[in-house]
1. With respect to the numbered conditions (1) within 20 Å of the chain's Cα centre (by Cα); (2) over 23 Å from Pro202 (Cβ atoms); (3) not β-branched (Val, Ile, Thr), which one is the sole condition not fulfilled by Phe78?
2. Could you check, for the range 228-243, whether at least one of its residues is open to solvent by 10 Å² or more (accessible area, probe 1.4 Å), under 25 Å from Glu69 (Cβ atoms) and within 16 Å of the ligand (Cβ to nearest atom)?
3. Within the range 66-108, can you find the residues that are aliphatic (A, V, I, L, M), more than 21 Å from Val137 (Cα to Cα) and surrounded by fewer than 16 Cβ atoms within 10 Å (Cβ to Cβ)?
4. Where in the range 1-119 are there strands (runs of 3 or more DSSP E), lying wholly inside it, with at least 2 residues that are closer than 30 Å to Gly175 by Cβ?
5. If we keep just the residues of the range 278-289 that are surrounded by 15 or more Cβ atoms within 10 Å (Cβ to Cβ) and not charged (D, E, K, R), which is nearest to the ligand (Cβ to nearest atom)?
6. Residues of the range 270-290 being out of contact with any Lys or Arg (no Cβ under 8 Å at 6 or more places or on another chain) and of a type in the set (Ser, Thr, Tyr), which ones?
7. Has the range 267-278 got at least one residue that is under 18 Å from Asp74 (Cβ atoms), in contact with a Ser or Thr (Cβ under 7 Å, 6 or more places away or on another chain) and aromatic (Phe, Trp, Tyr)?
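The values are calculated or read from the model by the stated rules, or taken from the named source; none is laboratory data. No experiment lies behind these values; they were computed from the predicted model shown. Note: ideal-geometry Cβ built from the backbone for every residue, glycine included; neighbour counts use all protein chains shown. Areas reflect the complete protein model, heavy atoms only, side chains present, ligands, DNA and RNA absent. Shrake-Rupley method; radii C 1.70, N 1.55, O 1.52, S 1.80 Å.
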Amino acid sequence: MEQYELDAVRAVTTRPAKEYRTVTVDPVTPVIGAEVSGVDLSKELSDDQLAELKQAFLDHHVLVFRGQELTDEDHKRFAGHFGELRPVNPPPVDADPYVLEISTGAEADNVAGNGWHADGTADAEPSLGSMLHITRVPEPGSGGDTLFANMHLAYEMLSPTMRELLDGLTAIHDGLVAFQGYTPPEGYVIPKSEHPLVVRHPETDRRILYVNKAYTARIPQLSPDESRALLDLLCALPAQRPLLSCRIRWTPNTLVFWDNRCVQHHATYDYHPHTRYGRRVAINGGPLKG
Ligand code: SIN
């Protein structure tokens, strides 16, 4: 590892652990993810619990809550503590407009999210975060894990010269990239937006490498070839650097809450012919600033 990479990793791994009084927070890795226990999300949480969960979310970026029996109302109430609920787009037919079904049948050829991405980055105001509640998992040992990667650290591990170059650039995020090979549903207005390539987290001000393979089409300040080469390099980082990521194995009634601003995720489809079912609620974010 280069010295600047070591320095970036150590700045994260040697941070003093936070003390929590009202919830239990066990890190999944030193750089991303935490299992949270001692809370029942079907009940109203106390102000102290909520404040500690908000802190844990900023510290770990992905929170895992196991054994949660939740109705849609419980799920939406919990999400609502973190911001305004984000309607599903395109809207589901004859179903709750805020709840996206994540369902894999025995005959599926692929699953939603089977590639590194963050949700909704082509929108002018991308999502703050998503909460996925999985109630049916493939047979034990049959897969269906989700991977999550820390895009703060992806940025911080780049060389100082590369970081300086990226800091002045923007990127076009285009919903059409995500639909490659598929026809968008009729009437769907495909979102397309330009964001700084390096954004600052609105709550911590920490920098984030904000590009992902599913949505990022082009860096307009560069030639098409330069843009492609740089995006290929940057979008490959979550897959190329295992240190950035954690892998969550689902058990029935697990809710995972991730920060779409600083985390990319990847659903794994390795469980054919087993089935998997869950429901996802998302939270609106604001405009992103560099
Ligand atoms: C997604 O939100 O991309 C789906 C994640 C999953 O099914 O694990």
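1. For Phe78, the exception is condition (2).
2. No.
3. Here is the first cut: in the range 66-108, the residues aliphatic (A, V, I, L, M) are 70, 79, 85, 88, 93, 95, 99-100, 102, 106, 108.
Next cut, more than 21 Å from Val137 (Cα to Cα) only: 79, 85, 88, 93, 95.
The answer is Val93, Ala95.
4. Values: elements: 24-27, 34-37, 62-65, 100-104.
Once the strands (runs of 3 or more DSSP E) in the range 1-119 are filtered for at least 2 residues that are closer than 30 Å to Gly175 by Cβ, what remains is 62-65, 100-104.
5. Applying the filter and picking the extreme gives Gly278.
6. To start, the set of residues in the range 270-290 that are out of contact with any Lys or Arg (no Cβ under 8 Å at 6 or more places or on another chain) comprises 270-274, 279-280, 286-287.
Within the range 270-290, Tyr271 is the sole residue that qualifies.
7. Initially, the range 267-278 is screened for residues under 18 Å from Asp74 (Cβ atoms), giving 277-278.
This time we only want the ones that are in contact with a Ser or Thr (Cβ under 7 Å, 6 or more places away or on another chain), so: 277-278.
The next check asks that each one be aromatic (Phe, Trp, Tyr); those that pass are 277.
The answer is yes, given that some residue of the range 267-278 is under 18 Å from Asp74 (Cβ atoms), in contact with a Ser or Thr (Cβ under 7 Å, 6 or more places away or on another chain) and aromatic (Phe, Trp, Tyr).
Okay, residues lined up against (1) in a loop (DSSP other than H, G, I, E, B); (2) farther than 26 Å from Met1 by Cβ:
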| residue | (1), (2) |
| --- | --- |
| Thr161 | no, no |
| Leu166 | no, no |
| Glu186 | yes, yes |
| His195 | no, yes |
| Pro202 | yes, yes |
| Ile208 | no, no |
| Ala214 | yes, yes |
| Ala217 | no, yes |
| Pro220 | yes, yes |
